[in-house]
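Beneath this line is the structure, given in structure tokens, with notes to follow.
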Amino acid sequence: MKKRVLAVILTLAMTASLAVGCGSGEESESDGDTITLTFLDKHPEEEYKGYFEQAIADFEEQNPGVEIEYENISDQAIKEKLSVLAAGGDLPDIFFAWGGECLNRFTRAGRTLDLTPYMDEDPEWRESFLPSFLSSSVYEGKNYAVPYRSAVLYMLYNKQIFADNGLEVPTTWDEFIDVCETLKAKDINPIAFGNSDKWYTMWYVGQFNANFVDEAVRTEDYNPASGQFTDPGYEQSVQTLLDLNDNDYFGSNVNSKDYYQVREEFIAGQHGMILDATSQFSFYTDGMGEDGYGYFKVPIPNGAEGDAAATTVTGGSENYAVSAECEHPDEAVAFLKFMTSRKQAEKQTSETGLPNALNDGITEENSDPVIADAYVTAKDYTAIAEWLDQCIDGSLVNTYMTSLQEGLDGKSAGDIMADVRATAKEVAEAAE
């Protein structure tokens, strides 16, 4: 997960380079009656590669006049390559993109095709997606990509520990704190938490930002050119995290443990709860069984006034976009429709374990009952707050993570946000 979470941040250099005018690019080619579309994706691992290669072959068989020229590279490699290609106006016809600000950077520069007209013509296609994930590719009211993979953040709990201690699943922040206090009083560590690699704090702060700060403000601040982070909700978000730590709900020495260690400890029954994403649920099912753990929505902290606080959740969408310079957009969109069709999406989930982003797309037939139920619950969410370390500039990510780690050792929320604001100013000046 660390690799997936930390390797997806588009750099400031890309943001600056997007100001360069569009070039002619290496776009789709037509040879007689055959149309060739270029496609850049990021699943080179053996457990995924075969699925995507077969999917392309199946599409080509169903569309004999279209060929897909496929390149499949790693997370880090695609981040760097997209930056270079965007600078030269040479984006592939179809390309992978993370959601939120990562995609918006391309869109603001005019690099992505507006898919809204295609969705207007085919509303069934639009309505097939979970709204929260489709919204992550919306910019100024228009759709610029479609999600094919999803992850939602939940709080997991050990069912046996809850039963043994007479605990009910909390639905409010006060109830959540009461659970933590009860477990602590019985010498059970309430929440598994390990931050030696620094990225884990960003899950919490990203979710709390969505609770405390209005979406319009976050969108402006997450834009490298305009970020200021002066809204008091950002400091409230950080303070909420620090309070959990200061009240000893995370246990001791959290900066010396990593996520993977505490995840295994949770599976072994050493902690009451753990924050994690649906994309990781299979590890818990394998280790604890389907009846060993449950999940619940992260409660809204007291005092949170961010818009749609109850219907926004931290998570991640992985998307496919079409280049604005694509010479055959209809055929490119046809490929997107194929890859996100119900038949293909369910096949993706069952064969690779990559959760799709469709309404009712995760079922007990292609997944396990806990994950399937979690996606039913996800229907209540209407917006995704993309992973914080995907949404903001890389320099800001480093400042946030380093300062938050220091916060777990005593640094104040005010000083943490002062560091963030100082870096945001530097980033905005460099983007001018």
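Listed by chain and number, the aspartates and glutamates whose alpha-carbon sits under 12 Å from that of Lys337, ignoring those within fewer than 8 places in the same chain, are Asp122, Glu124. Would you please state which residues of segment 247-273 a label at Asp164 would reach in this model, taking the label point 7 Å out along Cα→Cβ and a backbone N cut-off of under 11 Å? Of the residues in segment 247-273, 269-272 have backbone N under 11 Å from the label point off Asp164. Once the Cα atoms are used to define both axes, helix 200-212 deviates from the longest principal axis of the chain by about 90 degrees.
Assuming 0.36 nm per residue, please report the length gained on full extension of the stretch Val376 to Asp415 beyond their Cα-Cα distance. Please report the intermediate quantities before stating the final value.
Values: separation 39, 0.36 × 39 = 14.04 nm, distance 3.99 nm.
That pair, Val376 and Asp415, stretches by 10.0 nm at full extension.
With a 1.4 Å probe rolled over the protein heavy atoms of all chains, the accessible area of Ile94, Ile188 falls in the order Ile188, Ile94, largest first.
Charging the Cβ of each Asp and Glu at -1 and of each Lys and Arg at +1, and nothing else, the dipole of the chain about its Cα centre rounds to 1000 debye. Prolate is the label for segment 345-432. Its Cα gyration tensor axes, ordered a ≥ b ≥ c, give a/c of at least 1.5 and a/b above b/c.
Which of the residue pairs Lys343/Lys379; Lys257/Lys347; Lys49/Lys297; Lys79/Lys425 have a Cα-Cα distance greater than 26 Å in the structure shown? Don't skip to the answer; put the middle values down first.
Working: Lys343/Lys379 20 Å; Lys257/Lys347 37 Å; Lys49/Lys297 33 Å; Lys79/Lys425 24 Å.
As for pairs spanning more than 26 Å Cα to Cα, those are Lys257/Lys347; Lys49/Lys297.
For segment 81-215, the number of Lys pairs with C-alpha atoms closer than 30 Å, counting only pairs eight or more positions apart or on separate chains, is 7.
Please work out how much accessible surface Asp415 shows to a 1.4 Å probe, ignoring ligands, DNA and RNA, in Å² rounded to 10. Accessible area, nearest 10 Å²: 80 Å².
Once you charge only the Cβ atoms, +1 for Lys and Arg and -1 for Asp and Glu, what is the size of the charge dipole of segment 161-262 about its Cα centre, to the nearest 20 debye?
380
Here the chain has 45 percent of its accessible surface on carbon and sulfur atoms, given a 1.4 Å probe and all protein chains in place. About its Cα centre, segment 295-432 has a charge dipole of approximately 340 debye under the convention of +1 per Lys or Arg Cβ and -1 per Asp or Glu Cβ, with nothing else charged. Taking label positions 7 Å along the Cα-Cβ direction at both Ala77 and Tyr260, the computed distance is 2.1 nm, reported to one decimal. With a ≥ b ≥ c the root eigenvalues of the C-alpha gyration tensor of segment 122-249, is it rounded (a/c under 1.5), prolate (a/b larger than b/c) or oblate? Taking the square roots of the gyration eigenvalues as a ≥ b ≥ c, segment 122-249 is oblate. Computed from Cα atoms, the angle from the helix 329-339 axis to the main principal axis of the chain rounds to 40 degrees.
Answer rounded, prolate or oblate for segment 274-402, using the Cα gyration tensor with square roots of eigenvalues a ≥ b ≥ c: rounded when a/c is under 1.5, else prolate when a/b is larger than b/c, else oblate. Before the final figure, lay out the partial values.
Numbers: a/c = 1.83, a/b = 1.13, b/c = 1.63.
The shape class here is oblate.
Note on surface exposure: Glu53, Glu101 rank Glu53, Glu101 by accessible area, highest first, 1.4 Å probe.
Extending each Cα 7 Å along its Cβ direction at Thr182 and Val84, get the distance between those two points in nm, one decimal. Computed distance between label sites Thr182 and Val84 equals 5.7 nm.
The values are calculated or read from the model by the stated rules, or taken from the named source; none is laboratory data. Model, not experiment: these values are computed from the prediction. Cβ coordinates were reconstructed from backbone atoms using ideal geometry, including for glycine residues, and neighbour counts include every protein chain displayed. Heavy atoms of the whole protein, side chains included, go into the accessibility calculation; ligands, DNA and RNA do not. Shrake-Rupley method; radii C 1.70, N 1.55, O 1.52, S 1.80 Å.
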